[in-house]
1. Tell me, what is the percent relative contact order of the range 206-245, built from C-alpha pairs under 8 Å that lie six or more residues apart?
2. For the range 160-222, what does the relative contact order come out to in percent, with C-alpha contacts under 8 Å and a separation of six or more?
3. If you bin the C-alpha pair distances of the range 4-122 every 10 Å from 0, what whole percents do you get?
4. For the range 190-267, restrict the atom set to alpha-carbon positions and state the Rg and Dmax in Å.
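Where a number appears in this text, it was derived from the coordinates with a stated rule and is not lab data. All of these numbers come straight from a predicted model, not from anything done at the bench.
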């Protein structure tokens, strides 16, 4: 239903030039020249300039001029100034409408180009995760509550390393290109370190050092790291992130909390010892899910952008 409203409103606005000029013509013929409706013919090209291109606006302007001449001759307005004044108003509004349509077309082309670049950057930054990673089946869903949003500071990755399947889900504090750059740093460091580091704590320390070199001030990245081996056990490392959700085979849901809470990535210089890994067992056909939230209002932040990474044992 939400998709139909803009389309129907757009169609109605597209038909407005014809409707307005028809109403003005009928009213002028019925009411006579004394009412002075003739200058309102200029509303036709004015409405055309709101939704159409400059050619469409120019054609409606030409039609309005022809209609204005016809009605002016019918009413005998060209014996005085009223007919020429109406023509001037129609010509002026048409010219302004054509200029506005040209400017709008240029802005739309620029916006389309920026969106295309953003989509390419998004595909490079957040690559599709493998459908099967080690003993797991992985899936990712990235949804934004803002229709125009194409790229942001949310991040996720699944890597099948020699030490087990390793997963990261996180959220960069802030927004815009700065958040995107930070997310790229974190993902690049994770993709490299996930293969090299033998344990999850070493992987977290490596990410902490990479983020600390890039971030300034009080900026940070909340993240949760997970390592899933073949023993039906997951190891989690939580950097100030909401706890993962474990959906077990019997349908029960659990949110395993860390033994002690740690600061997000980038704030290690403030004296934090770093998170301690904790283990959670899960049986066959169980799954876990993580969502990024850096805001103290999880419902608002989660609704704005919801990436999720879920794994199911084979």
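1. It comes to 32 percent, rounded to a whole number.
2. 45 percent
3. 14, 36, 26, 13, 6, 3, 0
4. Calculated on Cα positions, Rg and Dmax stand at 14.1, 46 Å.
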